[in-house]
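Heads up: the structure comes next, in structure tokens.
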Amino acid sequence: MLGNSPGPFRVGVLALANDQVIERDLARLLPPEVLTFTTRIAFGGDCTMEQLAKMAPQLAEAAQLLNPEVALDAVIFGCTSGTIAIGPETIRDAIQSVRPGALAVNPVEAASGALRHLGSRRINLVTPYEPEIAARMAAQFEAAGFAINRRYDFGITASEDISRVQPEAILEAAARLGGEGAEATFISCTDFQSLDVLERIETKTGIPAVSSNQAMAWDILASLGVANGVPGYGRLLSGIPS
């Protein structure tokens with residue numbers, strides 16, 4: 001006998017073809033009542049603004065492929081630098097052109113909302129990117145009303161190398177920036193293995209640490225009214241507002 005589809009909440013994920021981290025992180029951060037469905041967007045090679053912008057024409061079709069017979073509560077675009085290259089408004093328009101009832105979530109706006117929720121306006125920024133993308137990322141946050149206190153960039157160009165950066169290296173980079181003069185650390189990129197070291201970064205720096213995937217999980221949980229906290233992954237998720 002047929003019944004209702006499983007799960008009260010359904011979230012689609014548009015992940016880059018070579019992202020090895022986002023699905024694992026979201027599976028750990030979202031509770032069982034939030035089901036996720038993932039499709040992939042073609043991407044590879046060098047991580048440059050030009051290459052990232054080429055994903056824009058794929059977004060609507062990819063969003064349409066996300067379990068097309070099921071209504072989704074939200075759709076995540078899983079690329080922080082891609083959000084900078086394409087633009088949050090363009091991403092939102094593409095997703096909602098085929099998923100008009102779904103909340104469109106991206107890492108940049110989710111992180112901005114998370115930082116405001118924490119009361120953090122002056123931030124340290126850790127990125128895996130080469131200088132042009134890192135500078136554009138910093139400029140985006142400055143345009144949104146944040147001040148960049150200090151910044152550390154790993155300078156990676158080959159996109160497949162981002163997920164190979166070890167968590168301890170990310171911890172060391174954030175700790176090197178410290179906490180003096182800053183109110184939070186933002187660690188950019190959905191393919192960065194930062195989730196497991198967020199609380200250690202907070203301990204070493206004395207300020208909250210926010211990552212791309214953690215911020216999107218927070219945005220989803222807060223927007224859907226799933227109010228239970230997610231311990232072990234930083235102050236942001238220690239309590240979710242209903």
(request) State which residue is surrounded by the fewest Cβ atoms within 10 Å (Cβ to Cβ) when the search covers only region 62-83 and only residues that are in contact (Cβ under 8 Å) with a residue 60 or more places away in the chain and under 16 Å from Cys189 (Cα atoms). (result) Gly78
(message) What's the number of the only condition in (1) modelled with pLDDT under 95; (2) surrounded by 19 or more Cβ atoms within 10 Å (Cβ to Cβ); (3) closer than 18 Å to Ala217 by Cα that Phe43 fails to meet?
(response) (3)
(message) Quick check on this structure: which one of Leu59, Leu35 is among the aliphatic types (A, V, I, L, M), in contact (Cβ under 8 Å) with a residue 12 or more places away in the chain, surrounded by fewer than 21 Cβ atoms within 10 Å (Cβ to Cβ) and not in a loop (DSSP other than H, G, I, E, B)?
(response) Leu35
(request) Given the conditions (1) surrounded by fewer than 23 Cβ atoms within 10 Å (Cβ to Cβ); (2) under 18 Å from Ala138 (Cα atoms); (3) touching an Asp or Glu at 6+ places or on another chain (Cβ under 9 Å), report the number of the one that Thr185 does not fulfil. (result) (1)
(request) Inspect region 155-178 for any residue being assigned to a loop (DSSP other than H, G, I, E, B), in contact (Cβ under 8 Å) with a residue 12 or more places away in the chain and either in the same structural domain as Gly101 (by TED's automatic domain parsing) or under 30 Å from Leu72 (Cβ atoms) (or both) and give the result as yes or no. (result) no
(request) Could you check Ala104 against (1) crowded, with 20+ Cβ neighbours inside 10 Å; (2) in contact with a Ser or Thr (Cβ under 7 Å, 6 or more places away or on another chain); (3) among the small types (Gly, Ala, Ser); (4) outside any helix (DSSP H, G or I) and say which number it fails? (result) (2)
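The values are calculated or read from the model by the stated rules, or taken from the named source; none is laboratory data. Every value quoted in this text rests on a predicted model; they were computed, and no experiment measured them. Here Cβ is always computed from backbone atoms with ideal geometry, including for glycine, and neighbour counts include all displayed protein chains.
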